[in-house]
Amino acid sequence: MDQINFKQLGLPAPTLRALEEMGFENATEIQAQSIPLIQMGYDVVGRSQTGTGKTAAFGIPAINMIDTTEEKRSVQVLLLCPTRELAVQAADEIKKIAKYTDGIKVVAVYGGAPMDRQIMQLRNANIVVGTPGRVMDHMRRHTLKLNNCKMIILDEADEMLSMGFREDIETILQEVPEERQTILFSATMPKEIMEIISNYQKEPQIIEINKQQVTLDAIGQFYYEVPMGRKNDMLLLLLAEHDPKRSIIFSNTKAMVDELTTFLNENGFKADGLHGDMKQSQRDSVMGAFKGGRTTILVATDVAARGIDVDDIDCVINYDIPTNNEYYVHRIGRTGRAGKSGAAYTICSGRRQVYLMQDIAKATKSEVIKLEIPTAASILKKQRLLKQEELISKMELNEELPYLDVVEELVAQGYSAEQIAAAALGMVYGVEESTLPVIQMEKKRRKGDFIKIRINIGREHRIAPNFIVGAIAERTSLSGQDIGKIEIFDEDTLVEIPRSSEEEVLSAMVGCKINGIDTETRRWLTKEEMKARKSRDFSEEAPKKERAPKEKGGFFHREKKEKKDWDKKEKHKDGKKFGFADRKPFNKEGKKDFKKNGKKGFGRDFKKDKKSEKKGNFGRSKKFLFDEE
């Protein structure tokens, strides 16, 4: 659409003067559509992403509808925000817009700040910006009265609901007079948002900005695919390759924010972390250092980053894949602001994360380009070119060179200009020594060349691929290039090794300690190998043992023994043969002989046992178990 100048929107002169001082001349699409409708008194629902100028879209008409002729100021506009940072940011923005408008008093209320100071400020406020929890606290204390409130604004409504503020929001909406104007802005429209719109807004005007038009065109989107466990190394390479002056790194958890902040500071970067568990004073200190340039890297969670208002962020790095598509848009929207270009880099570890990144790109209709992992040599070359450009620009200024006479003296002593220049550059920039990690993606190998072994340590033991490679290479004749794909899981690791080195590796890894942990290494069978093993006919492979030929009148014997006389079968008088055994259980008549000389012989006479109808243990009769004979 054609750009609309703020002067075309019928705004008062003080507001236009403030906007011009802020550097705003033309309205964004959400501003151009929202401001006229809100000024006309309609309830409005705006669906727009971060970085589209929503604060000015509702802040400008909110300022202009304030009745500054009241004898005693009362709260006429209430703005609810999900986080402390976003509340402070919105309050500051509205103060700037109202700079030349008399009678406007903006107050921000949020948790983590002294309550008594906020109470004093609320006595003279007509615009209140706050988080739902702290607003409810002031309402219960009767230090915030909303009986004269004419407009209530819900900013980032979807985020407030996801943080569990729905009950508080509905309570606040019920306390505000019915004759009010309700404005709602949200990036998404879940079922809960639609219910609030239905219950608390009157014939709202819907404004939806096309997602393709959200400020993503000025942002280059890229991703790297790295092996499992190498994200930290990739982060170092990425920062060295692009050398951003100011950047934000996003992580999904507070624990990872703390871990990454420590890791970056240990590697020579100036980094601070920002998440919800920090005290307000700590958060303010972190944001002050980041905005003031004392720290160049901010590591943050998604919720904490909602309050970041910095225009000159060079790039955004997604250390973790965002949990949904909207978070991705919110993240990368932190760069490429105020007409500047920006870049967003996502680090993917494993094919699953690559597929997730491709799904996000498809859902947001963005082109996300895969980049090759930079090498230490390419980074050093790039840094050298930058130094050359800096040197050329310095010489092109045609300024007086204070050390030219020193150079002439050195030339007179026999040194060449090249030697002098090289030595001088070495003194200024230092010796080029790369301490950057090396990341190599596993090459696809032909099936059958490699087998897998399993080592019983993994991600929980803080194991990295270079630990595994070092342990195997130290104990065997294999080098790092001979070792194939390494898959690190939570509790174990799978490593590809050449099939010909199986016995050598398994024997050498017995009793091996990796990173100070005792390990056990075993052969890992694939599904095909397991299936083949189950269907294998071992009887055909095992050598058959020949049985001794069956002899008349005897059992099979592995070793030929002389048969005793009583072992030989004899013919009965009626032509039948009778058997034999070591204990001779048969008599010459071929009948069982259980008694001999009136005493019990071998076995029992089962014919004399009477079966009991009642069964005992194991199906035997109780008589058999307990009766004495």
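Every number here is computed from the coordinates shown, using simple stated rules; none is lab data. Note that the coordinates shown come from a computational prediction; the quantities given were computed from them, not determined experimentally. Here Cβ is always computed from backbone atoms with ideal geometry, including for glycine, and neighbour counts include all displayed protein chains.
Computed from phi, the 3J(HN,Hα) profile of the range 405-410 under the Karplus parametrisation 6.51, -1.76, 1.60 (θ = phi - 60°) reads 5, 5, 4, 4, 5, 5 Hz, with x in place of Gly and Pro.
Treating the beta-carbon of each Lys and Arg as +1 and of each Asp and Glu as -1, no other charges, what is the dipole magnitude of the range 1-123 about its Cα centre, to the nearest 20 debye? Computed about the Cα centre, the dipole is about 320 debye.
With 0.36 nm allotted per residue and the present C-alpha distance subtracted, the Glu266-Phe489 stretch has 77.7 nm of extension available. In the range 47-129, the C-alpha radius of gyration followed by the widest Cα-Cα span (Dmax) gives 12.8, 39 angstrom. Peptide packing for 12-25, 521-534, 111-124, 244-257 was compared via the average number of neighbouring C-beta atoms within 10 Å per residue; ordered from the highest value, the list is 244-257, 12-25, 111-124, 521-534.
The simple Förster model, with R0 at 41 Å and r as the Cβ-Cβ distance, assigns Arg117 and Ala218 a FRET efficiency of 0.55. Amide H to amide H, with H built 1.01 Å from N, Ile451 comes under 5 Å of Ile497, Arg499, counting only residues 5 or more places away or on other chains. Peptides 327-333, 450-456, ordered by how many other C-beta atoms sit within 10 Å of their residues on average, highest first, read 327-333, 450-456. FRET efficiency for the Ala421 to Leu386 pair, using the beta carbon distance and R₀ = 22 Å, is estimated at 0.80.
Enter the Cα centre distance for the pair the range 271-338 and the range 125-161, rounded to the nearest angstrom. Rounded to whole Å, the Cα centres lie 25 Å apart. For the range 367-420, taking Cα atoms only, Rg and Dmax work out to 18.2, 59 Å respectively.
Inter-label distance, Lys72 to Ser281: 3.5 nm, where each label sits 7 Å from its Cα along the C-beta direction.
What are the residues whose amide H is under 5 Å from the amide H of Leu146, where those residues sit 5 or more places off or on another chain and H is modelled from the backbone? When sequence neighbours closer than 5 places are left aside, there are no close amide H contacts.
Each 5 Å bin from zero holds the following percent of Cα-Cα pairs in the range 1-89: 2, 12, 22, 24, 21, 13, 5, 1, 0.
Extension gain for the segment Glu372 to Arg454, taken as residue separation times 0.36 nm less the Cα-Cα distance, is 26.6 nm to one decimal.
Can you classify the range 1-156 as rounded, prolate or oblate using the Cα gyration tensor, where a ≥ b ≥ c are the square roots of its eigenvalues, rounded means a/c under 1.5, and otherwise it's prolate if a/b beats b/c and oblate if not? Prolate is the answer for the range 1-156, as a/c is 1.5 or above and a/b outweighs b/c. The stretch between Glu400 and Asp258, if pulled fully straight at 0.36 nm per residue, gains 46.2 nm over its current Cα-Cα span. Amide H contacts of Ala108 (H built 1.01 Å from N, in plane; Pro and chain starts excluded): Val129 sit under 5 Å, all sequence-distant by 5 or more or on other chains. For the range 469-522, the Cβ-based charge dipole about the Cα centre amounts to some 180 debye (Lys, Arg positive; Asp, Glu negative; other atoms uncharged). Rounded to the nearest 0.05, the FRET efficiency derived from the C-beta distance between Glu21 and Asp312 at R0 = 25 Å is 0.85.
Pair-distance distribution P(r) for the range 216-367, from all Cα-Cα distances in 5 Å bins starting at 0: 2, 10, 20, 24, 23, 14, 6, 2, 0 percent. Computed over the range 299-363, the P(r) curve from all C-alpha pair distances, binned at 10 Å from the origin, holds 20, 53, 25, 2 percent per bin.
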